[in-house]
1. Along Cα→Cβ, 7 Å out, is where each label goes; now give me the distance between the ones at VAL18 and CYS34 in nm to one decimal.
2. Once a ≥ b ≥ c are taken as the square roots of the eigenvalues of the Cα gyration tensor of segment 1-44, is the result rounded (a/c under 1.5), prolate (a/b larger than b/c) or oblate (a/b not larger than b/c)?
3. Just check segment 1-76 against the gyration tensor rule for me: Cα atoms, a ≥ b ≥ c as the square roots of the eigenvalues, rounded for a/c under 1.5, and otherwise prolate or oblate depending on whether a/b exceeds b/c.
4. Suppose R0 equals 30 Å; then what is the FRET efficiency for TYR25 and VAL53 from their Cβ-Cβ distance, rounded to the nearest 0.05?
Amino acid sequence: MQKTIPVGRKNDLVIQEVDNELMIYDLTINKAFCLNKTSYLVWQASDGKKSVVEIAELVSKKLNLPINENLIWLTLEQLNKEKLVEDVPLDNSPLKGMKRREAIKKVGLSTLAA
């Protein structure tokens, strides 16, 4: 299985940090996004060099909480949907084919187990 190496989009965005959130305004579609701390860290770590596993480890260290890969996948799926990451190949996602509610439930249960 090929590693997924996500890349956060940087072009045509106005980015501003506000407290523990990141405000992003997409100039191409005139839409604003507010990323919470976890989503912000995932987006920031998506530098085209780190795998999903490495991003999970980094976010876990920065938040001082156990973060599993499923949470990173769920976040990447949402960032991909909003075009804030560059075409993440979601074929490797363990959440592929799940409805959003099922995926959130799986992320919640596995995070709780960690």
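Values quoted throughout were computed directly from the atomic coordinates according to the rules given, and no laboratory measurement underlies them. What you are looking at is a predicted structure, and each value in this text was computed from that prediction instead of being measured. Cβ sites come from the backbone with ideal geometry, for glycine too, and all protein chains shown count toward neighbours.
1. That separation, rounded to one decimal, is 0.6 nm.
2. Here segment 1-44 falls in the oblate category.
3. Note, shape of segment 1-76 comes out oblate.
4. Computed FRET efficiency for TYR25 and VAL53: 0.45.
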